[in-house]
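The values are calculated or read from the model by the stated rules, or taken from the named source; none is laboratory data. If you're wondering where the values come from, they're calculated on a predicted model, not measured in any experiment. Methodologically, a virtual Cβ is constructed for each residue, glycine included, from the backbone with ideal geometry; neighbour enumeration extends over all protein chains shown. Protein only, heavy atoms only, side chains kept; ligands, DNA and RNA dropped before computing areas. Shrake-Rupley method; radii C 1.70, N 1.55, O 1.52, S 1.80 Å.
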There are 2 protein chains.
Amino acid sequence: MSEPDIFYILGNKVRRDLLSHLTCTECYFSLLSNKVSVSSTAVSKHLKIMEREGLLKSYEKEGKFIGPVRKYYKITLSSTYVVTVTPNLFWYRGIKLDEKPKLKRFEIDLENLEESPNTLQSMVLNLIDANKQLHILLEALKSLESYRDMLVKTIKERYLKDIGDMTQLAILHYLMLYGEATIEDLSDRLNIKEREVIKKAEELNKFVPLTIKDRTIKIDEEKLRKVAK
Amino acid sequence: MSEPDIFYILGNKVRRDLLSHLTCTECYFSLLSNKVSVSSTAVSKHLKIMEREGLLKSYEKEGKFIGPVRKYYKITLSSTYVVTVTPNLFWYRGIKLDEKPKLKRFEIDLENLEESPNTLQSMVLNLIDANKQLHILLEALKSLESYRDMLVKTIKERYLKDIGDMTQLAILHYLMLYGEATIEDLSDRLNIKEREVIKKAEELNKFVPLTIKDRTIKIDEEKLRKVAK
């Protein structure tokens with residue numbers, strides 16, 4: 001998928017919400033439809049658009065227990081995008097992520113750029129030098145996002161295999177991406193009751209230490225660091 | 001403007017083309033309308049959408065010589081956006097650019113991240129550590145894009161003041177952003193004849209050294225580095 005198409009896809013809130021849910025766990029149609037606040041006809045339309053644009057694939061699979069064959073959806077793209085818009089600059093770049101991130105040190109050195117070059121020639125030269133640093137930065141972004149993708153994938157697999165609770169996993173997924181969440185946020189987002197959020201967070205806390213204070217849930221990094229050693 | 005609106009704006013080719021032209025120089029309606037391949041009604045509609053979303057402002061100004069008052073447009077946003085979409089991750093962030101970029105060294109250190117952590121806890125911990133590196137990377141991106149914006153602004157002002165040719169400036173602007181361009185590209189993009197592109201590039205070459213070879217135009221960095229000293 002080319003860069004501009006992704007902007008078209010992202011330019012709609014329902015599609016963004018559907019993508020969020022799809023990154024969290026395997027989703028079938030009625031599950032997705034329950035999570036967003038529009039009609040199932042609209043959900044169906046948006047899923048079709050994303051499928052047509054090559055962002056999603058659907059596949060059929062039988063229900064876990066007795067039940068009909070269900071239509072599942074998964075994201076088939078792995079990319080990161082950077083866009084800058086100013087009165088003087090407009091550019092965008094799409095970067096395909098890698099299976100093998102480079103876990104090395106990247107140095108973005110802006111120290112040698114002149115703050116206010118005098119001549120037209122030295123201005124252009126400084127811009128060329130800044131472009132080179134941007135190139136390194138995009139390389140670092142590619143590695144970092146490839147690594148995070150790989151890690152979240154293994155975390156999801158491990159959690160579902162060992163603990164097997166999708167709601168706990170959804171809370172963990174959100175906390176890993178955004179650092180913290182209020183109980184209200186999670187209740188809206190996962191479309192479950194607030195007391196259910198608290199109960200699930202307390203269960204999750206047995207595996208990944210959390211702090212729950214002032215109705216805000218966070219990963220307890222200090223405690224996690226001790227447990228992980 | 002919130003982040004998602006920008007995706008809606010960018011999800012349309014005509015709007016992207018209009019933005020490109022607007023970053024290059026001061027534009028009035030009929031100039032913009034000439035540069036893109038849709039009707040002036042469509043151009044008007046897209047400009048209105050971007051104005052409504054707070055991305056553009058219009059203002060009236062008299063023509064340079066004798067002529068009617070013209071409606072000009074300028075971009076009022078200065079931001080950079082990062083989006084990642086994978087089967088496991090979906091997030092986006094909008095970063096407002098600064099007047100004062102931090103011209104320092106940023107180190108994105110991925111060396112200490114574990115390639116394949118064993119326990120669920122150490123996986124989550126590595127993700128938290130990766131998130132911290134992402135934070136540094138976004139700080140670097142903010143400084144870098146603020147610097148590039150500032151520099152392109154001064155280059156545009158200087159070029160218009162000293163040389164005053166908008167087509168030469170448009171070629172320079174494109175080369176600075178993309179490194180190189182074919183004559184065909186520039187002809188399509190600026191909506192001028194190919195021989196005009198060559199003539200303008202030769203004039204630009206007097207101020208900023210270029211190489212024109214195999215119908216491809218590039219900034220001659222080596223020569224520029226000598227001239228700028």
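Is there a residue in the range A:192-201 that is farther than 23 Å from B:Ser122 by Cβ, free of Cβ contacts under 8 Å to residues at least 24 places away in the same chain and open to solvent by less than 40 Å² (accessible area, probe 1.4 Å)? So far as the range A:192-201 goes, no, none of its residues is farther than 23 Å from B:Ser122 by Cβ, free of Cβ contacts under 8 Å to residues at least 24 places away in the same chain and open to solvent by less than 40 Å² (accessible area, probe 1.4 Å).
Can you find a residue in the range B:48-58 that is on the phi > 0 side of the Ramachandran plot, open to solvent by less than 60 Å² (accessible area, probe 1.4 Å) and not aromatic (Phe, Trp, Tyr)? Yes: one or more hits.
In this structure, A:Ile128 qualifies as surrounded by fewer than 21 Cβ atoms within 10 Å (Cβ to Cβ), free of Cβ contacts under 8 Å to residues at least 24 places away in the same chain and in contact with a Gly (Cβ under 9 Å, 6 or more places away or on another chain).
Mind listing whichever residues of the range A:24-40 are touching a residue at least 60 places away in the same chain (Cβ under 8 Å) and either open to solvent by less than 60 Å² (accessible area, probe 1.4 Å) or not in a helix (DSSP H, G or I) (or both)?
A:Cys24, A:Thr25 - these are the residues of the range A:24-40 that are touching a residue at least 60 places away in the same chain (Cβ under 8 Å) and either open to solvent by less than 60 Å² (accessible area, probe 1.4 Å) or not in a helix (DSSP H, G or I) (or both).
Candidates are the residues of the range A:66-87 that are open to solvent by 10 Å² or more (accessible area, probe 1.4 Å) and outside any strand (DSSP E or B); the one that is nearest to A:Tyr147 (Cα to Cα) is A:Ser78. For the range B:163-188, taking the residues that are more than 13 Å from the chain's Cα centre (by Cα) and touching a residue at least 40 places away in the same chain (Cβ under 8 Å), the one that is farthest from B:Cys24 (Cα to Cα) is identified as B:Ile163. Could you say whether any residue in the range B:107-124 is aliphatic (A, V, I, L, M) and more than 7 Å from chain A (Cβ to nearest Cβ)? No - not one qualifying residue is present in the range B:107-124. Checked against the criterion of being touching a residue at least 40 places away in the same chain (Cβ under 8 Å) and either outside any helix (DSSP H, G or I) or not hydroxyl-bearing (Ser, Thr, Tyr) (or both), the range A:41-52 has at least one qualifying residue. Look at the range B:9-23: where a residue is farther than 15 Å from A:Asn88 by Cβ and open to solvent by 10 Å² or more (accessible area, probe 1.4 Å) and a partner is in a helix (DSSP H, G or I) and among the β-branched types (Val, Ile, Thr), sitting 6+ places away or on another chain with Cβ atoms under 9 Å, you get B:Gly11/A:Ile6; B:Gly11/A:Ile9; B:Asn12/B:Ile49; B:Val14/B:Val43; B:Arg15/B:Ile9; B:Arg15/B:Ile49; B:Arg16/B:Ile9. The condition of being under 21 Å from the mean Cα position of the chain (by Cα) and either among the small types (Gly, Ala, Ser) or surrounded by 14 or more Cβ atoms within 10 Å (Cβ to Cβ) (or both) does not hold for B:Leu224. If you filter the range A:133-182 down to residues that are surrounded by 18 or more Cβ atoms within 10 Å (Cβ to Cβ) and of a type in the set (Phe, Trp, Tyr), you find that the one that is farthest from the other protein chains (Cβ to nearest Cβ) is A:Tyr174.
Return yes when A:Lys61 is charged (D, E, K, R) and surrounded by 13 or more Cβ atoms within 10 Å (Cβ to Cβ) and no when it is not.
Taking the combined requirement at face value, the residue does not satisfy it.
Of B:Tyr59, B:Tyr81, B:Tyr28, B:Tyr72, all but one fail to be of a type in the set (Phe, Trp, Tyr) and at pLDDT 95 or above; the exception is B:Tyr81.
Can you spot a residue in the range B:91-98 that is under 17 Å from the mean Cα position of the chain (by Cα) and at pLDDT below 90?
Yes, some residue in the range B:91-98 is under 17 Å from the mean Cα position of the chain (by Cα) and at pLDDT below 90.
Hey, among the residues in the range B:97-125 that are in a strand (DSSP E or B) and touching a residue at least 24 places away in the same chain (Cβ under 8 Å), which one's surrounded by the fewest Cβ atoms within 10 Å (Cβ to Cβ)? The selected residue is B:Glu107. Name the single residue that is modelled with the highest pLDDT among those in the range B:1-20 being more than 7 Å from chain A (Cβ to nearest Cβ) and not in a helix (DSSP H, G or I). Here the answer is B:Asn12.
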